[in-house]
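Just so it is clear, none of the values below were taken in a lab; they were calculated from the coordinates. Just so it is clear, the model here is predicted, and its values are computed rather than measured. Heads up, the Cβs are rebuilt from the backbone with ideal geometry, glycines too, and the neighbour counts pull from every protein chain shown.
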Amino acid sequence: MDTIAKIKQGRLPQHLAIIMDGNGRWAKQRGKLRVFGHENGVRAVRETVETAAKIGIEYLTLYAFSTENWKRPRLEVETLMKLLVASLRKELKTLNDNNIRLRAIGRTEALPKKALKELEEVMAMTEKNSGMTLTLALSYGSREEITSAFRALSIKVKNNLISPDNIDDAIINEHLYTHDLPDVDLLIRTSGEHRISNFLLWQIAYAELYFTDVFWPDFSEQHLIEALKSYQNRERRFGKTSEQLI
Ligand code: IPE
Ligand code: IPE
Ligand code: MG
């Protein structure tokens, strides 16, 4: 069995992103309501955040709520928002103890006022931390993010602030929610689904993908280590040949 110490000796992803999926099915397996799964998913979030910080991951981005998730039953959405408020409040100390800075991406203005306020407070109270940057994707949709970037860029072109000839990768990047994050190196999705579900489409262009059948509430330190081990055994060629990399 690999340990944190062993994993730390190898190459690490600078930016790790996770699609935390399978809470509902985890609860259903136990004959419980979906919200029971969400409640138990919180433990996995805490363990993953702490482990990632201990390992020395610089950027961890967690998909917590998508733009499409607003279409879920009202009670489920309300429970998820309540859990968000309660967890932010409870985990502030953990974040500070581990020198973690909290950020958020997505249309966060769509969140209930109370959740947004709590989020902004915790972000402000962890702003000066210099360790891992933890980004929560909340009310996040990649197409929505790209659409907003197009809109902002079109306005700048219209007002002669930039010329269409100057639009490149870097300028597009500057207009995304993730403008101050590096590209994703490793993307993990739990629950056995093999899809991206509108998460960081631009930013995963060259990410390594890792899928596991484990439902999110069961995801543990050891599962994260397994995913990182798999990452360390891959060759990232970025279009080049293997020989060119030496
Ligand atoms: C992930 O688990 C949590 C959110 C999307 C908020 P799900 O709630 O999607 O659980 P499954 O996929 O239905 O099992
Ligand atoms: C993706 O999971 C969103 C989050 C994990 C927050 P979903 O459960 O919403 O994705 P689909 O609907 O199965 O693609
Ligand atoms: Mg799901």
Amide H contacts under 5 Å for Ala104, placed H, 5+ residues apart
Leu136
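Between Ala86 and Phe238, what's the calculated FRET efficiency when r is the beta-carbon distance and R0 is 51 Å? Round to 0.05. List each step's numbers first, then the result.
Details: r = 42 Å, r/R0 = 0.82.
Rounded to the nearest 0.05, the efficiency is 0.75.
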Helix-only [θ]222 nm of the chain, DSSP H runs n ≥ 4, -39500 (n - 2.57) each, per residue, nearest 500:
-14000 deg cm²/dmol
Using +1 at the C-beta of Lys and Arg and -1 at the C-beta of Asp and Glu, which of Asn198, Ile188, Phe215 has the Cα lying farthest in the positive direction of the dipole of the stretch 170-222?
Asn198
Could you order the peptides 38-44, 151-157 from most to least packed, using the average number of other C-beta atoms within 10 Å per residue?
38-44, 151-157
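Would you work out the charge dipole size for the stretch 173-246 about its Cα centre, treating the Cβ of every Lys and Arg as +1 and the Cβ of every Asp and Glu as -1, and quote it to the nearest 20 debye? Can you show the working numbers first?
Values: 7 positive and 12 negative charges, 51 e Å.
About 240 debye.
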With a point put 7 Å past each Cα toward its Cβ, work out how far Leu161 is from Ser197 in nm, to one decimal.
3.4
Relative to the Cα centre, what is the charge dipole magnitude of the stretch 110-187, using +1 at the beta carbon of each Lys and Arg, -1 at the beta carbon of each Asp and Glu, and rounding to the nearest 20 debye?
480
Of Lys117/Lys158; Lys32/Lys71; Lys54/Lys128; Lys6/Lys28, which pairs sit farther than 30 Å apart, going by alpha carbon to alpha carbon?
Lys117/Lys158; Lys6/Lys28
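Only helices at least 18 Å long along their own axis, judged from Cα atoms, and with Kyte-Doolittle mean hydropathy of -0.5 or greater: name those in the chain from DSSP H. Don't jump to the answer; show the numbers that get you there.
Numbers: long enough: 34-55 (32 Å, -0.33); 74-97 (35 Å, -0.07); 113-126 (20 Å, -0.26); 142-158 (24 Å, -0.21).
Those that clear 18 Å and a mean of -0.5 are 34-55, 74-97, 113-126, 142-158.
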To the nearest 20 debye, what is the magnitude of the charge dipole of the chain about its Cα centre, counting +1 on the Cβ of each Lys and Arg and -1 on the Cβ of each Asp and Glu?
740
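Lys8 to Glu78: extension gain in nm, 0.36 nm per residue of separation minus the Cα-Cα distance? All intermediate terms of the calculation are to be shown ahead of the outcome.
On the way: separation 70, 0.36 × 70 = 25.20 nm, distance 3.89 nm.
That pair, Lys8 and Glu78, stretches by 21.3 nm at full extension.
What is the extension gain from Lys229 to Ala170, computed as 0.36 nm multiplied by their sequence separation minus the C-alpha to C-alpha distance, in nm to one decimal? Mind showing how you got there, number by number?
Numbers: separation 59, 0.36 × 59 = 21.24 nm, distance 3.08 nm.
Length gained, Lys229 through Ala170: 18.2 nm.
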Would you give the gap between the C-alpha center of the stretch 58-116 and the C-alpha center of the stretch 164-216, rounded to a whole Å?
19
